[in-house]
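The structure appears right after this line, and notes come after that.
The values are calculated or read from the model by the stated rules, or taken from the named source; none is laboratory data. Values in this document were obtained by computation on a predicted structure and should not be read as measured data. As a convention, Cβ positions derive from the backbone with ideal geometry for all residues, glycine included, and neighbour counts pool all protein chains shown.
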Amino acid sequence: MKEEWQELDELKPESSSPADAAQCRDKLLEMIHQIVPYLMQHNAEAEACDVLMEIERLDLLQQYVDRSAFPRVCLYLRRSAYFLLLLFSAKLSTVFNVWFGILTECQLDLHIGHF
């Protein structure tokens, strides 16, 4: 999936139309929106994070984190931060924004009693 996503970014104008690339990207995102919740429901939070990091869409993670997954996701993101800093220093802010968003949302829900 990662390779297909990257290929869409590298398409040459003569090889495919932008509409075709957008359609392929939408299909891949549709699959991602099926895979990530499945992984989260089956205690594979690290794999869910990895899938989203590979396509540089970690921002999608927040919608799939619930109270039970919250500690594992935060721990994984925290442990991944140094590695990500080495590879994607410009993308690190996304990791922290997602982590902070998840933390804030879970804390608010804990105080309100949603979980």
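So here's what we get for this one:
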{"item": "Cβ-Cβ under 8 Å pairs, at least 6 apart or on other chains, segment 68-87 side hydroxyl-bearing (Ser, Thr, Tyr) and surrounded by 12 or more Cβ atoms within 10 Å (Cβ to Cβ), far side at pLDDT 80 or above and part of a helix (DSSP H, G or I)", "result": "76/45; 76/46; 76/49; 80/49; 80/53"}
{"item": "Pairs with Cβ under 6 Å, 6+ apart, first in segment 32-61 and on the phi > 0 side of the Ramachandran plot, second at pLDDT below 95 and surrounded by 19 or more Cβ atoms within 10 Å (Cβ to Cβ)", "result": "none"}
{"item": "Test: residue in segment 58-65 that is more than 25 Å from residue 3 (Cα to Cα) and modelled with pLDDT of 85 or more", "result": "yes"}
{"item": "Qualifying positions in segment 44-66 - assigned to a helix (DSSP H, G or I) and not acidic (Asp, Glu)", "result": "46, 48, 49, 51, 52, 53, 58, 60, 61, 62, 63, 64"}
